[in-house]
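The values are calculated or read from the model by the stated rules, or taken from the named source; none is laboratory data. Remember, it's a predicted structure, so these values are computed and weren't measured experimentally. Cβ atoms come from the backbone with ideal geometry, glycine included; neighbour counts cover every protein chain shown.
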Amino acid sequence: MVCQVVFLAEFFECAIAIESLDFSNKKAKMSEESKVYNEMLSNLSTRIFRETLESYCRRFGVELIKVNPAFTSVIGMINYIPHSA
C-alpha cells in the first residue's frame, strides 16, 4: 500500500501529507493504564507505516509533509463531504 501511494504521488508530481502523531505522552502513562490498553497502544503499527512511508518518499524524491493533527478530521469533513444545496 505504501509503495502504491508513493508511486502515485511521484506520477502526479505531488506531495504526501500525513498527521504528525506523537504517542509519547500516552506511553509515559502506560503504567497507570490497564494491561489490555497498554498492549493495544504498544502494538500500533503507525510507527512502522510512517517509517516505511518516509523511506519510500526519500527513495523516490516525493515530498512528505507532516501536519499537526489538531482538527484534521473537522477540516476534512468541511472540505470533502458533499454539502446539500
Check: Just checking, which of 63, 54 is surrounded by 13 or more Cβ atoms within 10 Å (Cβ to Cβ), at pLDDT 80 or above and of a type in the set (Asp, Glu)?
Finding: 54
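Here's the yes/no breakdown for (1) in contact with a Phe, Trp or Tyr (Cβ under 7 Å, 6 or more places away or on another chain); (2) over 24 Å from residue 11 (Cβ atoms); (3) of a type outside the set (Ser, Thr, Tyr); (4) in a helix (DSSP H, G or I):
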| position | (1), (2), (3), (4) |
| --- | --- |
| 53 | no, no, yes, yes |
| 66 | no, no, yes, no |
| 70 | no, yes, yes, no |
| 75 | no, yes, yes, yes |
Item checked: Filtered residues of the stretch 46-57 (kept if of a type in the set (Lys, Arg) and either over 16 Å from residue 17 (Cβ atoms) or touching an Asp or Glu at 6+ places or on another chain (Cβ under 7 Å) (or both)) -> 47
Checklist line | residue 75, sole failed condition from (1) surrounded by 10 or more Cβ atoms within 10 Å (Cβ to Cβ); (2) touching a strand residue (DSSP E or B) at 6+ places or on another chain (Cβ under 9 Å); (3) modelled with pLDDT under 95 | finding: (2)
